[in-house]
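The values are calculated or read from the model by the stated rules, or taken from the named source; none is laboratory data. Keep in mind it's a predicted model, so treat the numbers as computed, not measured. Ideal geometry is used to build each Cβ from the backbone, glycine not excepted, and the neighbour counts take in all protein chains shown. Keep in mind that these areas ignore ligands, DNA and RNA; they rest on the heavy atoms of the full protein, side chains included. Shrake-Rupley method; radii C 1.70, N 1.55, O 1.52, S 1.80 Å.
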Amino acid sequence: MKYVELNIAVADSMQAEILTALLSDYPFEAFAEEEGALKAYILDSDYTECSQEVEQLLLSQDVEFEVIEVVQQNWNAEWESGFEPVEVTGEKPIRIRAPHHSPAEEGVMDVVIAPRMSFGTGHHATTALMSQTIASEGVEGLRGLDMGCGTGVLAIVALKCGAEHMVAVDIDDWACDSCRDSIALSGVAEWVDVRCGSIEQVVAGEQFDFILANINRNILISMMPSFAAALPSGGRLLMSGFLREDVVYIEASAVEQGFEVVNIIEREGWMVVVCKKM
């Protein structure tokens, strides 16, 4: 498979986060932020179909960008060069890192992830937000679903916060392979069932105590009926991957499917919405 890298000049992290959110509506598989640049990765065949729209979007944002062909075997080096550990503060501090980074200090949860061309680390703000929320919500002894798992980072955090079992689902084969690598590196493979496919295919008829979904607004709304069907009364749905202005749409969709919004959290313009099934 051939990939395309968009190397986009950005003024700061906030601009990079906004562009990441905008580009997430297209089939980009990963994002990496470096000093002065945002790198977005997409299959060459997918980019051919959406290149005109994407380039018009970037021009409307008044940013300079370069389109570069990337050979697949260089992906790990590209990813590692742009990824720094995510340090999550709070009552339960967490360090989310790659294998080449130093381990977490004593008393800090150590979460190790592997890339394999999957999304799951680019939204540092939402990764931290979701991890903090998982820790504060309390998932001890519960069974959960990590939908759109990417590297499996949220499933790992949930298990290290005491969850009994996780089902990790992604539609992308590379993401599923990455998740399997990550749960092995983090020592939790025994308690994770990794499945590749859409939510309708892989969790039909199953029930979970909680669902984690760090995706984007449009996909979250499209999956809301499936989320509602997979949760019993009192089950919790934790969603992120969208900006402040998207909350009204997420909230309306959730309420329509029988959820009550119980908490809304913000960090750097990114949001987490926590819902309870009525």
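Antiparallel versus total DSSP beta bridges in the chain: what percent is that, nearest 5?
Working: 36 of 59 bridges.
The antiparallel proportion sits near 60 percent.
Could you check how much of the accessible area of the chain is carbon and sulfur, as a whole percent, using a 1.4 Å probe?
Numbers: 5700 of 11920 Å².
Ligands and nucleic acids excluded, carbon and sulfur give 48 percent.
Applying the Karplus parametrisation 6.51 cos²θ - 1.76 cosθ + 1.60 with θ = phi - 60° to the phi angles of region 43-59, what ³J(HN,Hα) value in whole Hz is obtained for each residue in order, glycine and proline being reported as x?
Along region 43-59, the couplings run 4, 4, 5, 5, 5, 4, 6, 10, 4, 5, 5, 5, 5, 5, 4, 5, 5 Hz.
For a Förster distance of 41 Å, can you work out the FRET efficiency between the beta-carbons of residue 64 and residue 184, rounded to the nearest 0.05? Walk me through the numbers before you get to the answer.
Details: r = 40 Å, r/R0 = 0.98.
Efficiency for this residue pair is about 0.55.
Return the tail of the calculated pair distribution for the chain, meaning the percent of Cα-Cα pairs more than 23 Å apart. Numbers along the way, then the final one.
Details: 19379 of 38503 pairs.
Here the tail beyond 23 Å accounts for 50 percent of pairs.
What is the Cα convex hull volume of region 210-278 when expressed per residue in Å³? All intermediate terms of the calculation are to be shown ahead of the outcome.
On the way: hull volume 4.5 nm³, N = 69.
Convex hull volume per residue, Cα atoms: 65 Å³.
Tell me, which longest segment in the chain has none of the GluC sites (Glu not before Pro) that fall in DSSP loops with at most 16 further Cβ atoms within 10 Å?
The reported range is 207-267.
Around residue 217, under 9 Å between beta carbons, what's the net of Lys plus Arg minus Asp minus Glu among the other residues?
For residues surrounding residue 217, the net value is -2.
Can you tell me the orientation of helix 124-137 relative to the chain, as the angle in degrees between its alpha-carbon axis and the longest Cα principal axis, to the nearest 10?
Once rounded, one gets 10 degrees.
What do you get for the angle between helix 13-23 and the principal long axis of the chain? Use alpha-carbon atoms, 0 to 90 degrees, nearest ten.
That works out to roughly 80 degrees.
Cut-off 10 angstrom, C-alpha nodes, Gaussian network model of the chain. Which of 98, 175, 114 fluctuates the most?
The residue that fluctuates most here is 98.
Given the Cα-Cα distance of residue 15 and residue 100 and 0.36 nm per residue of separation, how much length would full extension add, in nm?
Working: separation 85, 0.36 × 85 = 30.60 nm, distance 2.80 nm.
Gain on extension, residue 15 to residue 100, equals 27.8 nm.
How large is log10 I(q)/I(0) at q = 0.23 Å⁻¹ when the Debye formula is applied to the Cα atoms of region 169-250, each weighted equally and without solvent?
One equal scatterer on each Cα of region 169-250 leads to -1.23.
Taking the Cα centre of the chain as the origin, how large is its charge dipole in debye, to the nearest 20, when only Lys and Arg (+1) and Asp and Glu (-1) carry charge on their Cβ atoms? Mind dumping the intermediate values first?
Details: 16 positive and 46 negative charges, 203 e Å.
About 980 debye.
Over the Cα atoms of region 169-208, what Rg and Dmax result, in angstrom?
10.9, 31
Using a 1.4 Å probe, what is the accessible area per residue for region 116-255, in Å²?
34
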